[in-house]
Amino acid sequence: MSEMTKIVKTTANILFPFTMIFGLYVIAHGHLTPGGGFQGGAIVVSGCALLLVAYGSSWVFDRIKDKRLVTFESMGAIGFIMLAFLGLVFSAVFFGNFLAGSGTLFGTTPATGSTLADFNTGGILPLMNFAVGLKVIAGLFVIVLVMAYASSAKEWG
Amino acid sequence: MEKRMIVGALGLAVVAVFLLFSIVLIHPFGEPGEVQMDDYIITHTQNETGTNNGVTSVVFDFRGFDTLGEATILFSAVAGVLLFFRRIRP
């Protein structure tokens, strides 16, 4: 994919930060509003794909190394698994929510019924949203990046 | 060719019969069959997981094992794509 005209680049420059903010908002508020790690990660990657289309894959490939993205993807997966095993350690159940109601990090329990959204709730759910969001951002972006770069390569081998 | 046509038609007939059964025996809209688990999740989400969002509590807490499988699928997809396309360099 080669780079496109100045109009497309300017439009991508304007839209990119808003897409990032919206995607990260959906990830961070996954335990309060509709959405979560998967959906917010997909939004962030759609912004990165916009950049990829506007500036060309070799421009992005020079700035972001795919090895680093793969490392982030593995970090997200390891964080997810580690949270699940911490639930096994602290609450004796795999995927047990050991932080919910503990009064510490994300430990507030909301009152039953329709209440105002409190960010400090949810136990391990926000942390799992962060881990899955990191995993989805890095994983989908490395897929899009490597495939776009391969489609623009001159010869295969 | 004839044999393949016959086998394909038989398979299609079996699938069509099962689909017809599922259409006839489906629950009417708005009347689920077993509601005990739904009611439990709706009433206990805020106490047990401390979340206002019931969908996230199901995805990451009540059915966390499913999400683990989903993450595994994403991981294997990334691994497969990189296996095919990573050797291509200019």
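Straight-line cross-link partners of residue A:65 among the aspartates and glutamates, defined as a Cα under 17 Å from its Cα and at least 8 positions apart when in the same chain: A:73. Where does the charge balance sit around residue A:138 when Lys and Arg score +1, Asp and Glu -1, over other residues with C-beta under 13 Å from its C-beta? Local net charge: +2. Helical content of chain A, expressed as a calculated mean residue ellipticity at 222 nm, amounts to -22500 deg cm²/dmol (DSSP H runs of 4 or more residues, -39,500 (n - 2.57) each, divided by residue number, nearest 500). The calculated P(r) of the stretch B:2-85, using every Cα pair and 10 Å bins from 0, goes 14, 19, 21, 29, 14, 3, 0 in percent.
Would you mind getting the Kirkwood hydrodynamic radius of the stretch A:1-120 from its Cα pairs, rounded to one decimal in Å?
On the way: mean 1/r = 0.0578 Å⁻¹.
Result for the stretch A:1-120, one decimal place: 17.3 Å.
Qualifying GluC sites (Glu not before Pro) in chain B, where qualification requires a DSSP coil assignment and no more than 13 other C-beta atoms within 10 Å, comprise B:34. The helix-based estimate of mean residue ellipticity at 222 nm for chain B, built from -39,500 (n - 2.57) per DSSP H run of four or more residues and divided by its residue count, is -23000 deg cm²/dmol to the nearest 500. If you take the alpha carbon atoms of the stretch A:40-96 and fit the smallest convex hull around them, that volume is 75 Å³ per residue. The spacing between the stretch B:53-83 and the stretch A:119-150, judged by their C-alpha centroids, is 11 Å.
Rule-based calculations on the coordinates, nothing more; no lab input. Since this is a predicted model, take the numbers as computed values, not measurements. In this analysis, Cβ positions are derived from the backbone assuming ideal geometry, glycine residues included, and neighbour counts consider all displayed protein chains.
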